[in-house]
Amino acid sequence: MQFALTEEQALIQDTARRFAESELAPHAAAMEAADGRARYLAGLKQLAELGFMGLNVDPEFGGTGAGVVAFSVAVTEIARACAATAVAMSVNNLVGEVIQSIGSDAQKRRYIEPLCNGTHPCGSFCLSEAGAGSDPSRMSTRAARDGDGWVLNGTKMWISSAEYAGFFVVWAVTDPNAPPGKGISCFLVDADNPGVTIGRAEHKMGQRASSTNPVVLEDCRVGADAMLGQENAGFRIAVGELTGGRIGIGSLALGVGGAAIDFARRYVTEREQFGQRIADFQGIQFTLADTYTNLEAARLLVLHAAWLKENGQPYMKAASMAKLFASEKANRACYDALQLMGGAGYTEEYPLERYARDVRVTTIYEGTSEIQRVIIARELLKEVS
């Protein structure tokens, strides 16, 4: 792989950086409040206008077609300013990719362009359930045949951007007699379907501007043309979506961790104790050296996984390694940055407390750190068996 970005990738990165600094960073804290929704949605609309809501989607369907590496560096820059915006952007891109990959021509025409141009603020995946998080093969949501269509019943949990989504990619069991993971299908369900109810938003520790809700499907009727891909082949779609999503979350974590340590680095050059700058103490310098080294290693892992995916090569192990390392080192970076700032970092006057709250979930969603280690170990053992 090439370590240098192409001219197009560098332009997208620079555009994302300038947009994040001018349009997101000044409002990121305010968007967490109850009255911050309009500003948050305005940011998503602006991202669509820039082409960032479909970076890896073919221009034929309204996307940018810039590729996975461009998507990764853009998510990192957006996350430096607002992780809640970055996660919506990441999920939205993946929704578009999934439909482009396995959807019918009619599905692509109907759903992808509104997703990319901002007609829909975003799309959402409905996979996780209360009893099926790390193991989605054990989901209980059912889809039963009804004439030439289907009726869906069940409750999905922790659905990112549910309140803002124009439609959902929903997984449901279509063959309850099949072994776990073998009888699951995937459906496209419009948010205004009368069988869809969006539950109360979760009160989260971080990324508060991004809504996270249960989605209740109650006698939710869809036509036969709502099925995405082949019947009973939906679990393979879910595995693929999660694998690609790990590149997005690794990129997001990298942005938050980088923003935190950059802020603290500037602070320690200005703050004085014992008659000298904090930055002059060797202990502080070692913390900075270790943190930036870890984040640089994380960046290379994330870009390697993105490059593999973009070039059609196997990337499951690489994506899990990137997500695991980037999310854990970004968490460490945020907490070390807060520590470097002392009591000041613990106050809402500075963004460190928000970075620390926002980064925490990156070791949980799109597959926990524990699940990443399971995947990595499984892939390593497959290589020698």
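Throughout, read-outs are computed from the coordinates displayed, never taken from laboratory work. Keep in mind it's a predicted model, so treat the numbers as computed, not measured. With ideal geometry, Cβ positions are generated from the backbone for all residues, glycine too; neighbour counts draw on all protein chains shown.
Charge tally for residue 278 (other residues, Cβ to Cβ under 14 Å; Lys, Arg +1; Asp, Glu -1): 0.
Any idea what angle helix 316-341 forms with the longest principal axis of the chain, computed on alpha-carbon atoms, 0 to 90 degrees, nearest 10? So the inclination is approximately 40 degrees. Taking a ≥ b ≥ c as the square roots of the Cα gyration tensor eigenvalues, the range 7-120 comes out oblate, since a/c reaches at least 1.5 and a/b does not exceed b/c. The angle between the Cα long axis of helix 234-268 and the longest principal axis of the Cα atoms of the chain comes to about 20 degrees, rounded to the nearest 10.
Using Cα atoms only, what is the angle between the long axis of helix 37-50 and the major principal axis of the chain, expressed in degrees (0 to 90) to the nearest 10? The helix 37-50 is inclined about 80 degrees to the chain. Computed from backbone phi with θ = phi - 60° and the Karplus coefficients 6.51, -1.76 and 1.60, the 3J(HN,Hα) list for the range 281-288 is 7, 4, x, 5, 4, 5, 4, 4 Hz; x is used for glycine and proline. Taking every DSSP beta bridge that has both ends in the chain, the antiparallel portion is near 85%.
Scanning residues 5 or more positions from residue 207 or on other chains, those with amide H under 5 Å from its amide H are 358, with H placed 1.01 Å from N in the peptide plane. Count Lys and Arg as plus one, Asp and Glu as minus one, and take only other residues whose Cβ is under 15 Å from that of residue 138; the net charge is then 0. Overall shape: oblate for the range 125-232, with the ratio a/c of the largest to smallest alpha carbon gyration tensor axis at 1.5 or above and b/c at least equal to a/b.
Whose amide H sits under 5 Å from the amide H of residue 157, counting only residues 5 or more places off or on another chain, with H placed in the peptide plane? Amide H to amide H, under 5 Å and 5 or more residues apart or across chains, residue 157 pairs with 128, 129, 130, 215.
Within the shell defined by Cβ-Cβ distances under 10 Å, the residues around residue 222 carry a net charge of -2, with Lys and Arg each +1 and Asp and Glu each -1. Our coupling estimate for the range 59-66, obtained by passing each phi through the Karplus curve with A = 6.51, B = -1.76, C = 1.60 and θ = phi - 60°, is x, 4, 10, x, x, 9, x, 7 Hz, Gly and Pro reported as x. Here the range 7-120 is assigned +1 on the Cβ of each Lys and Arg and -1 on the Cβ of each Asp and Glu. Its dipole about the Cα centre then comes out at about 320 debye.
Per DSSP H run of at least 4 residues, take -39500 (n - 2.57); add these up for the chain, divide by its residues and hand me the 222 nm value, nearest 500 deg cm²/dmol.
-15500 deg cm²/dmol
Counting only chymotrypsin sites (Phe, Trp or Tyr not before Pro) that are in a DSSP loop and have at most 14 other C-beta atoms within 10 Å, tell me the longest site-free stretch of the chain. Formally, the longest exposed-site-free interval is 4-273.
Residue-wise HN-Hα couplings along the range 358-372, as the Karplus relation 6.51 cos²θ - 1.76 cosθ + 1.60 with θ = phi - 60° gives them from phi, are 5, 6, 4, 6, 5, 8, 10, 7, 6, x, 5, 4, 5, 5, 4 Hz; Gly and Pro carry x.
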